[in-house]
1. What are the pairs, 6+ residues apart or on separate chains, where a residue within the range A:16-41 that is without any contact (Cβ under 8 Å) to a residue 12 or more places away in the chain has its Cβ under 8 Å from a residue that is assigned to a helix (DSSP H, G or I) and surrounded by 11 or more Cβ atoms within 10 Å (Cβ to Cβ)?
2. Quickly run through the range A:57-79 and pick out the residues that are aromatic (Phe, Trp, Tyr) and farther than 30 Å from B:Phe100 by Cα.
3. If you check A:Leu55, A:Leu96, A:Leu102, which single one turns out to be under 25 Å from the mean Cα position of the chain (by Cα), buried (at least 19 other Cβ atoms within 10 Å of the Cβ) and modelled with pLDDT under 95?
4. Need the failing condition index for A:Phe272 against (1) more than 10 Å from every other protein chain (Cβ to nearest Cβ); (2) within 23 Å of A:Val68 (Cβ to Cβ); (3) not in a loop (DSSP other than H, G, I, E, B), just the number.
5. Please determine, by comparing only the residues of the range B:112-141 that are part of a loop (DSSP other than H, G, I, E, B) and either at pLDDT below 90 or farther than 24 Å from B:Lys314 by Cα (or both), which one is nearest to the chain's Cα centre (by Cα).
6. Just name the residue that is surrounded by the fewest Cβ atoms within 10 Å (Cβ to Cβ) out of those in the range B:68-90 that are more than 12 Å from every other protein chain (Cβ to nearest Cβ) and part of a helix (DSSP H, G or I).
7. If we scan the range A:49-69, do we find a residue that is in a helix (DSSP H, G or I), touching a residue at least 24 places away in the same chain (Cβ under 8 Å), within 14 Å of chain B (Cβ to nearest Cβ) and not hydroxyl-bearing (Ser, Thr, Tyr)?
8. Scan the range B:404-419 for residues that are away from every other protein chain (no Cβ under 11 Å) and under 17 Å from B:Ala221 (Cα atoms) and report the count.
Amino acid sequence: MLKPASPPANTEANAVFKGTAMPWLFLLPSLLILAVFIYLPALQTLRLAAYKANLILGTERFVGLQNVTELLLSPAYRQVALQTLIFMVLTVSLGLLFSLGLAWLASRPVRGSKYYRLLLIYPYALSPAIAGTLWLFMFNPEIGVVNQLLGSLFNVKPRWLDDPILAFSLVVVAAIWKGLAYNIVFYLASIQNLPGDVMQAAEIDGATPAQVFWRVAFPLLTPITFFLVFTNIISALFDSFALTDILTRGGPYFHNAGITTFLVYQLYQDGFVNFKSGVAAAQAALMLVLVAFITFMQFKVGEKRVHYGG
Amino acid sequence: MRKITLLLALMGPAAFQLAQAQTTVEFWHTFGDPKRGGWIQDRADEFNKANPGIKVVPAYKGNDNDLISATILSARQGNAPAISQIFEGGSQLALDSGVFQPVSGIKNVDFSDYIKPVINFYTIGGKVNSLPFNSSSPVLYYNKDLMKKAGLDPKKPPTTFNGLLADCKKIEAAKIGATCFGMSVNGWFVENWMAEQGQTFLNNDNGRSGRATATNLDSKAARNIFSFFKTLQDNKYYSYTGKIEDFDGSDAIFTNQKVVFHITSTSKIGNNSDGAKRAGFELGVGVLPIPNGTKRNGVVLGGASLWIAKAIPKAKAEGALDFALYMTNTKNMASWHKLTGYYPVRESSIKLLRGEGWFTKAPLQLVAFNQQTNTVPSPATAGALTGAGPQTRKIVEEAWQKVLNGTSVDAALKEAKTRADAALAEYNANFK
């Protein structure tokens, strides 16, 4: 292979700022924007978490850690946290498995594969609110297209939105469907960049297609899978909001809380419907801890497990 | 640069004079649709033309919750809109926020023309806090064709729970391929049914003689309502979308002829008439069916009213009130009613509509009118006042849904009362 001659050590490549002022000056615009829109609000939230406050009344009463302990002891909040966890595990694992399968099939050299790819990617263009409305219409128990089909074929009309198990499953499936396109785009791109020679070598050595996929392709795809696992976790935690708000309003009520009420929806309810700003801020603080933990895990796992090709 | 400075220097005094001469009155409302939002804009244009000193600027600010938070946060920044449209469930919050002034304190207004139950809702501690604007109550909608098909007399819609159950039995026996009854699960209906039975929803006279500290969800009136739904569900007479507060979904089930009877707000008369026409069936509207063995006490007037900000100059407040009174005058309230189905809130508007023969042209509206004008003024029909309104409503809805999913009436109500009373206590703790 032809190697490019290493460039001479010119001044440009080794340029170093002389003082410390210059780099800070260049960083200043970004830091200012971050400070105004991210850091200050975050600090305000942490402060507010220590108060019983009402957005409308403007009242604030210092309570220290009471908001946080009340949340952690509340059966309703614990149930919401558990539901969020189950929702996250299901949507991330099933979602990635499906997207990888579909991307693998769509990357095969078949006629019309371009159109399959296009059709697989388009749901990404829908906003979560529109996706929620679509699902709401489809699963209306009396006039929705799904129950009309099921009614005429099998004479059953499932109660999609008020049966706790069905409603939860419906939200999981809707979230997986909504996230599919995003994952497929990344998987398709990575599959197309897999080194062909390694795969061919495996085939020549007599590996079955399943073996080629699981033993060669899948390990080579770990960097992108790793990236997608974490983006999907974050989106399961935060982007589920519009979908559940429109599709189920967090219901039906089961045990101690609405079964499709997830952490971020609970936060919205308390902060902007019930106007309990202090309690909502405490929930935001707890979610911040959760995200910090996930980020920490991302780096920790990333170092050990991920196989960066080459 | 120098040119711009010069330009500004020249323009400055002129612009200043213009600003001096004209008082701007911002009006925030919740009607994002061209039909209702356009009507408001037209009234503002007329008013501005007739009063060159005042410029009313209406703006759509999102739903009820968005609007009340936007108003109050901008008031804290010293930029309150002069007029805000606040939903009835947010009245106590608006009052407690301290950023509004009672309209009766701005100047003398003759409130005698307003329909009693409507003005009662917004009269707190002897003061009229806000001007009634869009007002509605629940009524029964029925599909006359399906009633005939099931062998029922469409001239005699049910007026009581037992009457409705009896009709449901006949509808089921007739096997017409439609469920008897469907409506959305919304706490607003429960509050109305309690008022009909003369039962306050909250203690302390519905939160009017003092802050409400407990709900009356353990009352017989509440049990009557929930038991009715238990019976409906046990007999499979009832259907809904499964989502709480799903007004649109329930309307769709009714206009697609999947249910014979439906209950929703009078403000939906326009939409549901259109839907019935499209589907090709004849629509009827009847009084809200109530539990048996109770006198009909009347309904709570839901909807919204116009609040005027406190920290604004006197001239601006007066301009705001003038516009609010103009927009809700006799003629305009009659035209608003025809357009939307909301009640005209003035006696004189009803007289005007009667004179025009409107009720013979639009007989569906008459039932709604009588239901409103026959309401007996009392703390029960004055409506519940609490700063935890949206939260208690949701708790009631969740209990209602639990009954539909098989929980016993007593267990569901007991849990709901515990949760709702805790919500009231938490809100009241803001004032300690």
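1. Final answer for the pair search is A:Phe17/A:Pro23.
2. Of the residues in the range A:57-79, the ones aromatic (Phe, Trp, Tyr) are A:62, A:77.
Result: A:Tyr77, single match.
3. Exactly one residue qualifies, and that residue is A:Leu102.
4. In the conditions (1) more than 10 Å from every other protein chain (Cβ to nearest Cβ); (2) within 23 Å of A:Val68 (Cβ to Cβ); (3) not in a loop (DSSP other than H, G, I, E, B), A:Phe272 misses (1) alone.
5. As a first pass, look at the range B:112-141 and keep what is part of a loop (DSSP other than H, G, I, E, B): B:112-113, B:115, B:125-126, B:129-130, B:137.
Cutting the leftovers down to either at pLDDT below 90 or farther than 24 Å from B:Lys314 by Cα (or both) gives us B:112-113, B:115, B:125-126, B:137.
Numbers: B:Ser112: 21, B:Asp113: 20, B:Ile115: 15, B:Gly125: 21, B:Gly126: 22, B:Ser137: 7 Å.
Only one residue fits best here, namely B:Ser137.
6. Filtering the range B:68-90 down to residues more than 12 Å from every other protein chain (Cβ to nearest Cβ) leaves B:74, B:78-85, B:87-88.
Right, trim to part of a helix (DSSP H, G or I) and you get B:74, B:88.
On the way: B:Ser74: 18, B:Glu88: 26.
The qualifying residue surrounded by the fewest Cβ atoms within 10 Å (Cβ to Cβ) is B:Ser74.
7. Residues of the range A:49-69 that are in a helix (DSSP H, G or I), as a first pass: A:66-69.
Filter once more, keeping what is touching a residue at least 24 places away in the same chain (Cβ under 8 Å): A:67-68.
With within 14 Å of chain B (Cβ to nearest Cβ) added as a condition, the list becomes A:67.
The next check asks that each one be not hydroxyl-bearing (Ser, Thr, Tyr); those that pass are A:67.
Looking for residues that are in a helix (DSSP H, G or I), touching a residue at least 24 places away in the same chain (Cβ under 8 Å), within 14 Å of chain B (Cβ to nearest Cβ) and not hydroxyl-bearing (Ser, Thr, Tyr), one finds at least one in the range A:49-69, hence yes.
8. 7
The values are calculated or read from the model by the stated rules, or taken from the named source; none is laboratory data. Not measured: the values here are computed from a predicted model. Note that each Cβ is placed from the backbone with ideal geometry, even for glycine, and that neighbours are counted across all protein chains shown.
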